[in-house]
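Have a look at the structure below before the remarks.
The values are calculated or read from the model by the stated rules, or taken from the named source; none is laboratory data. This structure is a prediction, so every number in the text was calculated from the model and none was measured. As a convention, Cβ positions derive from the backbone with ideal geometry for all residues, glycine included, and neighbour counts pool all protein chains shown.
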Amino acid sequence: MANSKTAVVKCKNCGADLVWDATKGRLACPYCDGETEIEKKSSALRDYYTCSKDGYVEEGGTVYHCPNCDAETTIEGFDTAVNCPFCGATNIMKTENLPGLKPDSILPFKLTADDACLWGRKWIKKRIFAPSKCKKNFNPDKFKGVYIPNFSFNTDTDSNYDGVLGEYYYVTVGTGKNRHTVRRTRWFNVSGSLDKDYTNLLVEASSHIEQKQLGKILPFDLAATEAYRPEYLAGFSAERYNTSLQDSFGIAKGIIDADIRKAILNLYNADVVQTLNVSTSFKTINFKYILLPIWICGYSFKQKLYQFIVNARTGKSTGKAPVSPLRVLIAVLLGLGIAALAIWGLGIVGNLDSGILSFSNFQLLN
């Protein structure tokens, strides 16, 4: 394993461990006014084809495994009390530093735990079926800052395609009472080529954050990423990637393929696809292994695990909340009551209309 020194940075004034201060954008002492800037550097893209499969976690980071939810997180020696950031469990176990790719870039935290709590409360208030107890339990102490692993891909694609598409048209057939309109399809062949470039295509490599969840808290301001330095982890933890570089690019290829097919179909006025064969070659593939910051609230409610995450740069949020059966019942009863009132109101209007009509008829007859 590669050797390097611990990432702990001591306060010059009092000797305490400095932690990353999201509001100040630098390392700060939690006990005095000591502050230290982190030297900012840009990171270079790596070539996918020539990248070695071997790499190493920065020494000084300790990997912990949670037996409750199987998460693996790396802590750089700054935390004294270790809790799983994903489920809140305290019975997590220390494991050996594991070999793997070292991060290229990191996007530092910009929002504090208090900020995340405010966004969390805004989100939970909109969950009308969430229990009141759950809403009250959203507080900064519940939120943990964690960097999640992502691979960002840049690639130039060259696609050749052919297929059969269809366009609907309508004709009138039959005579007399049997005269009616039917829909038919006019098929036509297509073929051609399409070049398309992709930049900063993010694929999450976390075992606990799904691609769909990541999509809900995008975008991250990737232009603000810095070259990875473990000092940025001070006061936070970082999840070790669970999806390999090769598997992550496989996911990226699926996203790219769907996008290319959509772009091809947009070139034609087609209503239906019979076949569409697409062959794509990747001229260049570059990548970065990026750590992105999120605030996560992992909590249990009635022995069931729930998770809420906040983009630690923008505040964009997503998650799941428990559902109160009583609130659902009240909502159903209110809905039925409103429907009944509406039907009753329509009935009164109908009776009034009938009465007016009868009265008018009476006047006409007389």
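Selection over region 128-177 of residues that are closer than 30 Å to LEU107 by Cα and either in a strand (DSSP E or B) or touching a residue at least 40 places away in the same chain (Cβ under 8 Å) (or both) gives a count of 18. Please tell me if LEU201 is among the aliphatic types (A, V, I, L, M), assigned by TED's automatic domain parsing to the domain that holds LEU101 and either out of contact with any strand residue (DSSP E or B) (no Cβ under 7 Å at 6 or more places or on another chain) or within 30 Å of ILE264 (Cβ to Cβ) (or both). Yes; evaluated as a whole, the condition is true for this residue. Set side by side, the residues ALA238, ALA234 differ, and just one is within 23 Å of LEU45 (Cα to Cα), assigned by TED's automatic domain parsing to the domain that holds LEU107, in contact (Cβ under 8 Å) with a residue 40 or more places away in the chain and not polar (S, T, N, Q), which is ALA238.
Scanning region 113-122 for residues that are buried (at least 19 other Cβ atoms within 10 Å of the Cβ) and either among the small types (Gly, Ala, Ser) or over 18 Å from ALA22 (Cβ atoms) (or both) yields ALA113, ALA116, GLY120. Within region 134-185, the set of residues being out of contact with any strand residue (DSSP E or B) (no Cβ under 8 Å at 6 or more places or on another chain) and at negative phi comprises LYS135, LYS136, ASN139, PRO140, ASP141, THR175, LYS177, ASN178. Of all the numbered requirements in (1) crowded, with 16+ Cβ neighbours inside 10 Å; (2) at pLDDT 75 or above, ALA89 misses one, and that requirement is (2).
Which members of region 174-213 meet the condition of being more than 23 Å from TYR48 (Cα to Cα) and of a type in the set (A, V, I, L, M, F, W, C)? If the condition is that a residue be more than 23 Å from TYR48 (Cα to Cα) and of a type in the set (A, V, I, L, M, F, W, C), then VAL182, TRP187, PHE188, VAL190, ILE209 are the ones that fit. Of the residues in region 195-214, none is in contact with a Phe, Trp or Tyr (Cβ under 8 Å, 6 or more places away or on another chain), free of Cβ contacts under 8 Å to residues at least 40 places away in the same chain, part of a strand (DSSP E or B) and exposed (fewer than 14 other Cβ atoms within 10 Å of the Cβ). Being surrounded by 15 or more Cβ atoms within 10 Å (Cβ to Cβ), within 21 Å of SER317 (Cα to Cα) and over 19 Å from the mean Cα position of the chain (by Cα) is not true of LYS135.
Of all the residues in region 16-55, those that are part of a strand (DSSP E or B) and aliphatic (A, V, I, L, M) number 3. Quick one: is SER105 touching a strand residue (DSSP E or B) at 6+ places or on another chain (Cβ under 6 Å), over 24 Å from GLY315 (Cα atoms), surrounded by 15 or more Cβ atoms within 10 Å (Cβ to Cβ) and at pLDDT 70 or above? No. Selection within region 65-83: residues that are touching a strand residue (DSSP E or B) at 6+ places or on another chain (Cβ under 9 Å), at pLDDT 75 or above and of a type outside the set (Gly, Ala, Ser). The member of this set that is surrounded by the fewest Cβ atoms within 10 Å (Cβ to Cβ) is PRO67.
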